[in-house]
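Report on the following structure.
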Amino acid sequence: MADFTNEIKKRRTFAIISHPDAGKTTLTEKFLLYGGAINLAGSVKGKATARHAVSDWMEIEKERGISVTSSVLQFNYDGYCINILDTPGHQDFSEDTYRTLMAADSAVMVIDASKGVEAQTRKLFKVCAMRHIPIFTFINKLDRDANDTFELLDDIEKELGIPTCPVNWPIGSGKAFRGVYDRNTRKVLTFSDTMKGTKEGVIEEVDVDDDSRMSEIMTEDQKEQLLEEIELLDGASAEFDLDEVSCGKLSPVFFGSALTNFGVETFLQHFLKMTTSPLPRTADCGEIDPMKEDFSAFVFKIQANMNKAHRDRIAFMRICSGKFDAGMEVYHVQGDKKMRLSQPQQMMAQDRHIVDEAYAGDIIGVFDPGIFSIGDTVCVPGKKFAYEGIPTFAPEHFARVRLLDSMKRKQFVKGVNQIAQEGAIQIFQEYMGGMEEIIVGVVGVLQFDVLKYRLENEYNVEIRLENLPYEHIRWIANKEEVDVAKLTGTSDMKKVKDMRGNPLLLFVNSWSVGMTLDRNKNLKLEEFSKN
């Protein structure tokens with residue numbers, strides 16, 4: 001039993017969030033480098049060497065240099081077993097990020113030192129705040145000219161409404177970047193540029209009171225400025241309080257440069273000490289303790305065709321309690337049946353290895369023959385409970401999908417359905433029609449490009465997308481009480497149904513929503529699907 005609890009205690013499961021181009025994927029890679037999981041970091045933009053970031057595995061990601069799906073990466077470092085959930089930064093893929101945050105115990109927010117808080121950071125932060133997830137801030141790209149440090153902290157506090165507590169403090173930026181000052185040890189860690197893809201590099205510690213050494217490593221102006229800023233900091237910044245950090249009310253801030261490795265390992269070491277082992281999860285029967293021996297997990301992501309040769313579909317599960325053993329019998333709550341999870345595996349981007357065991361906090365991928373949905377619960381037979389659901393976001397953009405070759409209808413229907421089950425797109429049909437007329441809804445327009453690309457490359461199907469003007473979608477809450485066919489709406493209202501057969505209404509503007517409710521007094525509409 002001691003071994004079992006120790007295994008869970010050493011788990012750390014966190015998501016990395018940021019605006020595109022803040023350096024999130026580079027930071028992820030450097031963590032893997034320190035954990036010995038990879039030997040050489042590839043740069044997303046490193047076309048010359050044809051190396052790609054380990055966590056970007058889909059072809060379209062390599063071509064565009066952006067992450068469009070969340071990757072799951074596991075490595076060991078200093079006695080800890082770390083599960084990193086790397087998320088897409090681009091706002092058009094934010095729904096994937098929201099779901100991934102449901103599987104994380106804490107989040108690392110990466111901010112570009114020359115840009116501060118950006119739009120997507122704000123959006124993602126709100127999801128963390130909603131779930132009271134502890135947030136750790138890494139202010140990146142100090143190897144380039146940065147904004148004033150106090151202004152960066154102000155920006156975080158104003159924009160995100162969370163107090164910050166700098167754990168270390170930068171000395172200069174860009175060509176004048178000299179290192180960081182550690183507030184706890186009162187030592188300056190000097191910066192020496194390292195080879196871009198390796199972890200070697202000399203980091204020297206200098207006591208801040210060692211005047212002669214300080215003068216050797218920085219200019220007199222920098223030294224003076226640092227001492228002034230330390231004094232200001234000690235008087236003005238929030239006191240470090242681990243309890244406040246743990247409930248997402250205070251963000252510890254670190255500075256560095258992921259590209260040149262400076263500050264990355266220091267950050268990782270502090271982060272691991274400040275975070276907790278896996279947290280309890282809420283189910284319909286109350287909180288489930290991760291240390292309970294009974295295995296349980298929930299599905300937070302489904303991904304088809306991760307490996308073209310396999311043509312497979314993987315359901316990613318966050319283990320919430322107990323220990324998973326390969327071959328064990330589990331109960332799929334939503335499907336109401338016992339089963340064995342086939343080919344349980346852990347990931348290093350698209351590289352995978354079959355696992356014999358995994359513990360609470362770990363993420364495993366299992367072969368999915370098409371039975372799992374996002375939010376599903378699996379547990380030991382005889383224990384029937386379900387973890388709280390994962391919210392579905394209402395799509396904001398719609399397009400009609402036209403199949404160019406009617407002989408490929410079978411592949412088309414299969415492809416569209418499989419991609420929809422991953423949660424990236426939502427499919428609707430004409431209310432009185434079948435699959436011959438499909439409307440696709442997405443949260444971000446780039447998802448349309450991904451849909452087109454994947455249907456062509458994975459299912460050998462060509463489509464044409466016709467944009468539709470709808471911007472608002474409403475599910476009919478009391479569908480049993482109203483005759484949908486006889487509803488009188490506005491001329492721009494469209495009746496459709498989702499893949500479960502639930503009736504929905506699409507509207508061009510919010511005025512039409514109000515007018516339709518006025519004209520059908522017993523009609524009740526809601527913005528989210530409850531099932």
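Derivation of every value follows stated rules applied to the coordinates shown; laboratory data play no part. Treat the numbers as computed from the prediction; the structure is a model and nothing was measured. We place every Cβ from the backbone using ideal geometry, glycine too, and count neighbours over all the protein chains shown.
Thr490 to Glu287: extension gain in nm, 0.36 nm per residue of separation minus the Cα-Cα distance?
Full-extension gain reported as 68.5 nm.
Defining a contact as two alpha carbons under 8 Å apart and six or more residues distant in sequence, what relative contact order in percent does the range 384-531 show? Write down the numbers at each step before the final one.
Values: 242 pairs, mean separation 40.8, N = 148.
About 28 percent, as a whole number.
Can you compute the modelled spin-label distance between Lys383 and Leu517, with each label point 7 Å from Cα toward Cβ, in nm?
4.2
Tell me which aspartates and glutamates have Cα within less than 14 Å of Lys158's Cα, excluding those fewer than 8 residues away on the same chain?
Glu118
Of Gln447, Leu517, Leu468, which is farthest along the charge dipole of the range 415-531 in the positive direction, counting Lys and Arg as +1 and Asp and Glu as -1 at C-beta?
Working it through, the farthest residue towards the positive pole turns out to be Leu517.
From the backbone phi of the range 405-419, what are the Karplus-calculated ³J(HN,Hα) couplings (6.51 cos²θ - 1.76 cosθ + 1.60, θ = phi - 60°) in whole Hz, Gly and Pro given as x?
10, 5, 5, 9, 4, 4, 5, 4, 5, 4, x, 4, 5, 5, 5
Mind scanning Lys292/Lys383; Lys30/Lys249; Lys123/Lys497 and naming the pairs with a C-alpha gap bigger than 19 Å?
Values: Lys292/Lys383 13 Å; Lys30/Lys249 27 Å; Lys123/Lys497 29 Å.
Listed pairs above 19 Å: Lys30/Lys249; Lys123/Lys497.
Under 5 Å between amide hydrogens, which residues at least 5 positions from Val355 or on another chain qualify, with H placed 1.01 Å from N in the peptide plane?
Hits under the 5 Å cutoff: Gln345, Gln346.
Taking H as built 1.01 Å from N, whose amide H comes closer than 5 Å to the amide H of Leu468, not counting residues under 5 places away?
Long-range HN contacts for Leu468: Phe398, Ala399, Arg400.
Projected onto the charge dipole of the range 128-261 (+1 at Lys/Arg Cβ, -1 at Asp/Glu Cβ, origin at the Cα centre), which of Thr190, His132, Phe177 gives the Cα projection farthest towards the positive end?
Selected residue: His132.
Over the range 449-514, what is the mean sequence separation of C-alpha contacts under 8 Å (at least six apart), divided by residue count, expressed as relative contact order in percent?
RCO, the range 449-514: 33 percent.
Answer with one residue from Ile371, Leu403, Ala358: the one whose Cα lies farthest towards the positive end of the charge dipole of the range 357-414, charges on Cβ with Lys, Arg +1 and Asp, Glu -1.
The residue sitting farthest along the positive end of the dipole is Leu403.
Could you list, in their original order, any pairs among Lys24/Lys126; Lys384/Lys479; Lys24/Lys323 whose Cα atoms are separated by more than 22 Å? Before the final figure, lay out each step's value.
Values: Lys24/Lys126 18 Å; Lys384/Lys479 29 Å; Lys24/Lys323 31 Å.
Among Lys24/Lys126; Lys384/Lys479; Lys24/Lys323, the Cα-Cα distance tops 22 Å for Lys384/Lys479; Lys24/Lys323.
Excluding residues on the same chain fewer than 8 positions from Lys452, give the lysines whose Cα lies under 17 Å from its Cα.
Within reach: Lys62, Lys308, Lys408, Lys410, Lys414.
Can you work out the Karplus-derived ³J(HN,Hα) for every residue in the range 142-157? Use 6.51 cos²θ - 1.76 cosθ + 1.60 with θ = phi - 60°, whole Hz, and x for glycine or proline.
Result, ordered by residue: 5, 6, 10, 4, 10, 5, 4, 4, 5, 5, 4, 5, 4, 4, 4, 5 Hz.
Hey, with R₀ at 25 Å, roughly what FRET efficiency would Met432 and Arg500 work out to, going by the Cβ-Cβ distance, to 0.05? Intermediate results must be reported in sequence, preceding the final value.
On the way: r = 17 Å, r/R0 = 0.66.
With a Förster radius of 25 Å, E is 0.90.
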